[in-house]
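Visitor: Here's a structure for you.
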Amino acid sequence: MRRIVHVAGLGFNEQGRIAYVIQNRGGQKLVLVHSKENLDDAIRVQEDLQKHGAFEVELICVDPWDYHDVLQKVIEVAIRHHKDDLRFNPSLGTRVMTSALFVAANFTGSPVHLVKEEKGIATDVIDIYPVQRQTLSAIKKHILETLKAHESTGIESIMKLARLVKRSNASVSHHVDELSMWGYVETKREDRKVLVKITGLGAAVLRMAELWKKREKTKRNRRKG
């Protein structure tokens, strides 16, 4: 059964916005992204929501100022719920947390729910839908797949990676630089060579891209049928 799953960040103030969105948009589960510092608040929100019936709440602890940590864990949530209807609520939390939730929503093609307020009182939910979902280019996906196959050791040089993906050294070096900037791979210079490894975030993004490709193919087949 396809469920509505809300993914929301938790801050220290205005925590009622989370329940407000769920009450107005429905749902069967909340994934609450919080920090160690507001774990008690997260547990209280969990208990309050579960008082009103069989509503599932999952707590995910993140470093609220580490963008890659937040994004990786949110994408891993999306992977586990790729058959569900994901909704993102970035109304609360640090700017890093809200940014990561926006990016994850765009990447998965999921709507974002924002709370409209008047004089500090929630009055409406604004729905934002992504215009398009940005996906990995074919070569970047191939590089990540190749690195995933060598996840434990990495690949010892750009030259070897280029040979494996059948592209020029310059082309692969350019793509690795971009993937590194995004946090999908990490590089380490050893003597005259550059060791390249996929990161946890890169592996999560690759897995999600594969799942969403299958999901969209299924949708197209249903429309044809």
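Visitor: For D69, are the conditions met, namely being in a loop (DSSP other than H, G, I, E, B), within 15 Å of the chain's Cα centre (by Cα) and free of Cβ contacts under 8 Å to residues at least 40 places away in the same chain?
Guide: No, not satisfied.
Visitor: Out of L147, L206, which single residue is farther than 27 Å from R2 by Cα and surrounded by 18 or more Cβ atoms within 10 Å (Cβ to Cβ)?
Guide: Answer to the selection: L147.
Visitor: Does G9 fit the bill of being farther than 25 Å from N106 by Cβ and in contact (Cβ under 8 Å) with a residue 24 or more places away in the chain?
Guide: So G9 does not fit the description; no.
Visitor: Among the candidates V77, V125, V103, which residue alone is surrounded by 17 or more Cβ atoms within 10 Å (Cβ to Cβ), not aromatic (F, W, Y) and not in a helix (DSSP H, G or I)?
Guide: From the options V77, V125, V103, the qualifying one is V125.
Visitor: Output the number of the condition that R215 fails; it satisfies all remaining conditions of (1) modelled with pLDDT under 85; (2) assigned to a loop (DSSP other than H, G, I, E, B).
Guide: It fails just one condition, (2).
Visitor: Going through F107, F55 one at a time, which residue ends up being closer than 19 Å to R2 by Cα and at pLDDT below 90?
Guide: F55
The values are calculated or read from the model by the stated rules, or taken from the named source; none is laboratory data. Quick caveat: nothing in here was measured; it's all calculated off a predicted structure. Every residue, glycine among them, receives a Cβ derived from its backbone with ideal geometry; neighbour counts consider all protein chains shown.
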